[in-house]
Structure formats: C-alpha cells, structure tokens
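Report on the structure given below.
Every number here is computed from the coordinates shown, using simple stated rules; none is lab data. Keep in mind that what you see is a predicted model, and the values were worked out from it rather than measured. Using ideal geometry, Cβ is built from the backbone for each residue, glycine included, and neighbour counts are taken over all protein chains shown.
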Amino acid sequence: MPVLGSGQSGDHEYLEFAPGGFAAHPGRLSMHAPSGGDLVVLAPPRISGNLLRRTVERGSAAGIVRDGGGQLSGYLGESPADFGHPGEDVWIKGLPAWVIPPAAPAEADAAKASGVWVIHVHGLGSSRSRCLRGVEAFAGLGFTSLIPSYRTSLDVAPEPEPSHLGASEWRDIEAARHYAMDRGARRILFVGWSLGASIALRTIAQAGDSSTAGAVLVSPALDWPAIISAQLRGMGFPRIIAQGLPHTLNLMRFRGEPVIRWKEMPGTYMQKHLTLPTMILHGSDDQSVPVELSRSFAASQKQPVEFVEFAGAHHTLEWNSAPQLWNQSVQAWCRSLGLNTGEDSIDHLSEAK
C-alpha cells in the first residue's frame, strides 16, 4: 500500500494514503515496511484535505516512509504483552501456545469456580497472534484463554506443513483441549477465526464429551466448496467450472497428503444442524468468505444462532471495525449462557437460545 505523505502532529507521527481502498477500512490497522522493522499500529482513518490520514499509535513509521509504503493488516500485536495481557509461553505436543489468565476481579472468582477456558483457533496462512484481538472480551469475564498453534500455522519452525483445510489440523486443537482439561478446565469455549471455525467445529464433533460450552465463529470458513466457487466466480470463471473445480483438489494433492473429504467438513454435510450454543460474527464486506454463507448457515439451524453483522468489515476484521460491539456482543452472549456464574451444571447450555 503506497504512502503518499507523512508528518508530525503534536507528539504523533502520521501517514497519508489515497482516500479509497483498504486504507479506508474502519478501525485500527497495522503496517509493516517491506524492509522489515517494527509493527506499526495505526489509528482509525480520517480525511485530511484530499488524503486519508492515520496517526501512528505504536512503533516507528520511519521504515515505511523510507520504503514508500508497506503492507496493511488487521492484526495489532505479536504477543500478549502488546495487548496489555500477561501471557505464559507453553508447548503442547511440540507446538507453541500462550496461556493468558483472567483479568476481571469482579467476576474472576465465579469464572474460576466454573473452570471456563477459551481456546482461540486462528485461520488459514496465519499465526496465533491474529487471535489476540479477541482475548480482551473473555479476560473481562474472568476466563482463561489458551491460544495454540497447529501444524500448518506460520508459528511452526522451520516451516509449517501445507494446509489441509482442517483435515489434520484439528488433532492439534484436540491436544490443546486436553491440555486445558488437564489443568483444571471444566468448560471449554471455542473461538474459531475463518478456517479456525471449521477446525473448532471438527474438534468439538470428535471430542465426544460434554465439556464444550459453545462456539464463537468469526468470519467462519465452513462450506469450502461454496467458498472456493465464490472465489472462482469472482475471478471470472464460468459457474459450471467454478462449482466443479473444488472437487478436483484431491487429484492435485501430493503423495502422503490427507484426502479432504467434503462430506466430513463442518458446515457442508457433516454438521448440518449445530447442537451447541453458537455465535457468528461476520463482516458485510468480506471478500474471502461471503457473508451470505453465514447468513444462510445461521438461518438453517434448528437451534437459534446469535448472528452479529459488522457493517463495512473485511475478512476477520470485525473486531478492528467495531471493537466495542465485538466485545460487548460476546460478553452479553456468554452471560446469557451462564458461563460466568460458577454454576456446576452445564445441562442448561444445550437449551440456550
């Protein structure tokens, strides 16, 4: 993304962009210089003359100015400390993870009594740091957050495996679930971002116990044939080709790679009707996973799904566009399920609306 101007206003640097495009996305964003250096966190946009201006909130923009631009993104920090959270580095079956303790004294005792842990699952071609935006809402309820990586995460060194669209990755999240249970968790709440939503639902289906309290699905990538077809249609492919190509993926896989069985994918055939409390957060301007898929998925469920749409938000940028709406919606939903009450029984959760 080209930077068209820069300067100093009071104690803060600012960067200026063309008024259209991704730079105009509502809310805070971050930027990296091509030559490397700090992650630069940028304040929400405002118009200044004929340009769009964003103030630098954290980091130095010197590298971006020198390079003439950089890559804009929605993630705003690379560690729990960047969000003001204490975090413990742990390893789960050889993969790195963070454990973040609760931060709300008023509700922490009740939440501790209920043993609620939140497992955050990031999306395709991404890393666990992308989930850090969502921790605040749950820490505020007194819940412990566990943010694991999985075998195809960018966190994996020296090089992650190719993505299997959740067909193998769910096993690493199942290991994270066992880790939480072994350390006192009695109820697990999953938060799945994009592909992470599919991985979370597959993990829940395989768990086979009553420990799961619910799932929050953010820009959920569930119906992969429909998602891939929509992408191909957007690239100009004829409808018949766009609908058929997703089913040829297994023909192009390398020897030894797992077969992706569409009928076992959450959101397509395997899980036509959800059996646990579910919330979906999705942006109206998502160009990767059309919001229409979430609208249809939520409407088709026998059990009501809490659906919150974020005006103008791109893929997984719902929190960026309206963090207060994101946090308050999630907290209100958790409270409606009794997750912060310390009640021993979770039977009522299966009836939650």
For this session: Considering the options SER126, LEU72, PRO101, tell which one lies farthest towards the positive end of the dipole of the stretch 17-169, charges being +1 on Lys and Arg and -1 on Asp and Glu at the Cβ, about the Cα centre.
Result: LEU72
Exercise. If the convex hull of the alpha-carbon atoms of the stretch 5-73 is projected onto planes in all directions, what is the mean projected area in square nanometres?
Worked result: 4.1
For this session: List the residues whose amide H sits under 5 Å from the amide H of ALA313, counting only those 5 or more places along or on another chain, with H placed 1.01 Å from N in the peptide plane.
Result: SER284, ASP285
Seminar exercise, completed: For TYR75, TYR14, ascending order of other Cβ atoms within 10 Å (fewest first) is TYR14, TYR75
Problem set entry | Inter-site label distance for ALA43 and VAL90 at 7 Å from Cα along Cβ, in nm | 3.8
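Set the Förster distance to 56 Å, then compute FRET efficiency between LEU51 and ARG171 from the Cβ-Cβ distance, nearest 0.05. Write out the running numbers ahead of the final one.
Details: r = 49 Å, r/R0 = 0.87.
Plugging the Cβ-Cβ distance into 1/(1 + (r/R0)^6) gives 0.70.
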Problem set entry | Net dipole in debye of the stretch 5-73 [+1 Lys, Arg Cβ; -1 Asp, Glu Cβ; about Cα centre; nearest 20] | 160
Exercise. What ranking do MET181, MET279 get, fewest neighbouring Cβ atoms within 10 angstrom at the top?
Worked result: MET181, MET279
Exercise. Between ILE280 and residues 5 or more places away or on another chain, which pairs have amide H atoms under 5 Å apart, with H built 1.01 Å from N, and which residues are they?
Worked result: LEU217, GLU306, PHE307, VAL308
Seminar exercise, completed: Label model pair ASP67, HIS12: point-to-point distance (7 angstrom along the Cα→beta-carbon line) in nm is 2.3
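Could you list ASP155, ASP209 so that the one with the fewest beta carbons within 10 Å of its beta carbon is first and the one with the most is last? Let's see the in-between values first.
Numbers: ASP155 18, ASP209 9.
In order of increasing Cβ crowding within 10 Å: ASP209, ASP155.
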